[in-house]
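One structure is given here, and the rest of the page talks about it.
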Amino acid sequence: MDRLELARNLFRGGRLYDALEAAQSACERQPKSPDAWWLLACICRHTALPVASDDAFSRAAALRGTTPPPPMRVDGDDFQALLKTAGDRPVRVRSLPSGDQIGAGLDPEALWTLDGDDLIVFQINHENLAHSLADLSSILNNTLRQAGIRSGH
């Protein structure tokens, strides 16, 4: 198994620091692989390395030949403002899935999960997919539709 695949498997298994080491190794061995840099960026967010994460996201974009800005980051209040929902289901925001959630099978890049009747949305995973506030709003609206909070508009 190559280092990139190993890093993915470790990440999805909730072994975040082992995944970080494997992803760093994958980037060293395949420095022109945008997939390796993207995975490293995601893992760095989960291991509280935001600067390294943003750098890796930028490298992945450059290697893909695209020039989007790094993922759109907003503060918690701005993210909450985007969550204005008309539904009755409570919505909670967490930065990322926890190591326990990932170890229990939740995708580390999940956008949402349920906790009883509560919908939990993961802010950083939404931000990782967005390059503007409009992107972030659209992705969040799609998540809420998938979760049955909003009807399509």
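The values are calculated or read from the model by the stated rules, or taken from the named source; none is laboratory data. Not measured: the values here are computed from a predicted model. Cβ sites come from the backbone with ideal geometry, for glycine too, and all protein chains shown count toward neighbours. The area values use the complete protein model at the heavy-atom level, side chains included, leaving out ligands, DNA and RNA. Shrake-Rupley method; radii C 1.70, N 1.55, O 1.52, S 1.80 Å.
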Q) Against the longest alpha carbon principal axis of the chain, how many degrees, from 0 to 90 and to the nearest 10, is the axis of helix 3-12 turned? A) 30 degrees
(Q) For the chain, take the longest principal axis of its alpha carbons; what is the angle in degrees between that and the long axis of helix 50-63, to the nearest 10 within 0 to 90? (A) 70 degrees
Q.
Accessible area per residue for region 92-133 in Å², computed with a 1.4 Å probe and the full protein assembly in place, what is it?
A. 45 Å²
**Q.** Degrees separating the helix 34-46 axis from the principal Cα axis of the chain, which is the longest one
**A.** 60 degrees
(Q) Just to be sure I understand the model, the point goes 7 Å from the Cα along the line to the Cβ. What's the resulting residue 48 to residue 135 distance in nm? (A) 2.8 nm
Q) What number, in percent, do you get for the relative contact order of region 1-73 if the mean sequence gap of Cα pairs under 8 Å and at least 6 apart is divided by its residue count? A) 23 percent
Q. Among 51, 91, 121, which one shows the biggest mean-square fluctuation in a GNM of the chain, springs joining Cα atoms closer than 10 Å?
A. 51
Q.
So if I place +1 on the C-beta of Lys and Arg and -1 on the C-beta of Asp and Glu, and nothing else carries charge, what would the dipole magnitude of the chain be about its Cα centre? I want it in debye, nearest 20.
A. 300 debye
Q | Taking region 1-134 and dividing mean pair separation by its residue count, relative contact order in percent (alpha carbons under 8 Å, at least six apart) | A | 23 percent
Q: Compute the Rg/Rh shape ratio of the chain: radius of gyration over Kirkwood radius, all on alpha-carbon atoms.
A: 0.99
(Q) For a Förster distance of 22 Å, can you work out the FRET efficiency between the beta-carbons of residue 28 and residue 107, rounded to the nearest 0.05? (A) 0.30
**Q.** Carbon plus sulfur fraction of accessible area for the chain, probe 1.4 Å, in percent
**A.** 49 percent
Q: Find, among the trypsin sites (Lys or Arg not before Pro) in region 1-68, those assigned to loop by DSSP (not H, G, I, E, B) with at most 14 other beta-carbon atoms within 10 angstrom.
A: 32, 64
